[in-house]
Amino acid sequence: MPIAMIVHGGAWDIPDEQVEAHLHGCRVALEAGLRILRAGGTALEACEAAVRLMEDDPIFDAGTGSVLTSAGTVELDAALMDGRSLRYGAVANLKRIRNPITLARHVLEGPATFIGGEGAEHFAASCGMPFCDNAELIVEREVALWQAWKASRRQDEESTLEAQPDPAVVHGHDTVGAIALDKSGNLVAANSTGGTPFKLPGRIGDTPMVGCGLYADATIGGAVCTGWGEGIVRVALARRAIEQLERGVPPQTAAESAMHTLARYVDGGRGGCIILTPSGQIGLAWNTRRMAYAYATEDTPLIAGV
Ligand code: ASP
């Protein structure tokens with residue numbers, strides 16, 4: 001069977017000076033995933049490897065370099081879905097795990113589907129995963145943004161702004177995602193995020209929610225979404241994209257249609273969507289200024305864009 005893979009590095013107004021780093025991060029992650037697929041590895045292994053690299057790359061809002069919560073901490077969410085077994089593993093609100101996607105894989109392979117907070121960290125310990133200090137996940141760029149945000153806020157606005165972050169003014173969405181098709185014909189979808197900038201501590205967006213941030217069915221296709229999580233959840237965006245594929249809509253049209261749905265039903269609904277089908281066809285669309293991505297199929301050598 002032909003292999004194929006697509007990754008994204010977030011959809012938002014990526015500044016010109018960050019374009020090259022986004023392209024590089026997406027290329028490196030895709031190449032790592034492709035090496036695994038070409039060697040006969042599974043889509044699960046390829047997705048985990050690609051997402052781990054993006055979590056370790058401080059340019060992205062996932063793992064190290066994630067955006068900060070309103071309390072100035074990092075809280076991480078991630079998920080994986082196996083399109084053949086329909087098994088799904090998700091984790092949320094992690095503060096001391098450098099690579100949440102690996103913990104999501106342990107969850108997928110274990111008895112639960114979604115574990116958050118302290119319980120997730122206990123589970124991580126039982127899986128032998130290493131822990132880090134929350135401060136090790138924080139980079140100077142995000143501290144500067146957080147300090148500017150703090151300084152710009154009037155005391156009496158605090159509770160309202162925290163409850164309703166305005167997607168138009170937040171400083172970026174660099175969540176990462178991947179979908180891979182392996183030689184056995186299995187499709188896996190994955191994603192990982194630090195969430196939205198200055199989010200309420202404990203807030204969870206679409207990223208780890210099945211049918212919202214991701215979905216995979218090896219007979220139909222995989223979809224991964226990024227953008228303003230509160231909007232994406234309301235329309236269960238990944239599942240909408242999959243439903244289009246089920247109706248026979250081509251993947252590119254399905255990705256564009258998902259974006260139209262988001263914008264139509266949700267005021268301020270902004271983001272991006274990537275799709276991969278069991279025959280190795282790609283779809284990708286976004287309604288933000290830019291989305292970082294890279295993909296390769298049997299007929300297409302590596303293509304990366306922002
Ligand atoms: N969807 C993510 C969230 O709302 C953010 C992103 O995709 O960048 O947590």
- prompt: How about segment 40-148: which strands (runs of 3 or more DSSP E) wholly inside it have at least 3 residues that are modelled with pLDDT of 95 or more and closer than 26 Å to P2 by Cα?
  reply: 76-82
query: Which of the residues spanning segment 219-250 are touching a strand residue (DSSP E or B) at 6+ places or on another chain (Cβ under 6 Å), near the ligand (Cβ under 9 Å from one of its atoms) and part of a helix (DSSP H, G or I)?
result: I232
- request: For segment 252-259, indicate whether the set of residues that are among the hydroxyl-bearing types (S, T, Y), within 30 Å of K95 (Cα to Cα) and open to solvent by 10 Å² or more (accessible area, probe 1.4 Å) is non-empty.
  value: no
query: Can you tell which of A216, A189 is outside any loop (DSSP other than H, G, I, E, B), within 16 Å of the ligand (Cβ to nearest atom), buried (at least 24 other Cβ atoms within 10 Å of the Cβ) and over 8 Å from the mean Cα position of the chain (by Cα)?
result: A189
- prompt: Looking at A292, is it over 24 Å from G25 (Cα atoms), in contact (Cβ under 8 Å) with a residue 12 or more places away in the chain and either open to solvent by less than 10 Å² (accessible area, probe 1.4 Å) or under 17 Å from the mean Cα position of the chain (by Cα) (or both)?
  reply: no
message: Out of the residues in segment 192-213 meeting the condition of being closer than 17 Å to V91 by Cβ and among the β-branched types (V, I, T), tell me which one is farthest from the ligand (Cβ to nearest atom).
response: V210
- line: When segment 199-210 is checked residue by residue, the ones that are surrounded by fewer than 22 Cβ atoms within 10 Å (Cβ to Cβ) and not aliphatic (A, V, I, L, M) are P201, G202, R203
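Quick grid of which residues meet (1) free of Cβ contacts under 8 Å to residues at least 60 places away in the same chain; (2) farther than 24 Å from T219 by Cα:
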{"position": "F60", "(1), (2)": "no, yes"}
{"position": "A78", "(1), (2)": "no, no"}
{"position": "R87", "(1), (2)": "yes, no"}
{"position": "A92", "(1), (2)": "no, yes"}
{"position": "K95", "(1), (2)": "yes, yes"}
{"position": "T102", "(1), (2)": "yes, yes"}
{"position": "F123", "(1), (2)": "yes, yes"}
{"position": "P130", "(1), (2)": "yes, yes"}
{"position": "R153", "(1), (2)": "yes, yes"}
task: Would you check which residues across segment 174-186 are β-branched (V, I, T), near the ligand (Cβ under 9 Å from one of its atoms) and either modelled with pLDDT of 95 or more or more than 15 Å from the chain's Cα centre (by Cα) (or both) and list them?
output: V176
- prompt: For residues in segment 6-41 being touching a Ser or Thr at 6+ places or on another chain (Cβ under 9 Å) and under 24 Å from G195 (Cα atoms), which is most open to solvent (accessible area, probe 1.4 Å)?
  reply: D13
query: If I242 passes every condition in (1) more than 23 Å from T102 (Cα to Cα); (2) open to solvent by 10 Å² or more (accessible area, probe 1.4 Å); (3) of a type in the set (V, I, T) but one, which one does it miss?
result: (2)
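The values are calculated or read from the model by the stated rules, or taken from the named source; none is laboratory data. Quick caveat, the model's predicted, so the values are computed rather than measured. In this analysis, Cβ positions are derived from the backbone assuming ideal geometry, glycine residues included, and neighbour counts consider all displayed protein chains. Ligands, DNA and RNA are excluded from the accessible area calculation, which covers all protein heavy atoms including side chains. Shrake-Rupley method; radii C 1.70, N 1.55, O 1.52, S 1.80 Å.
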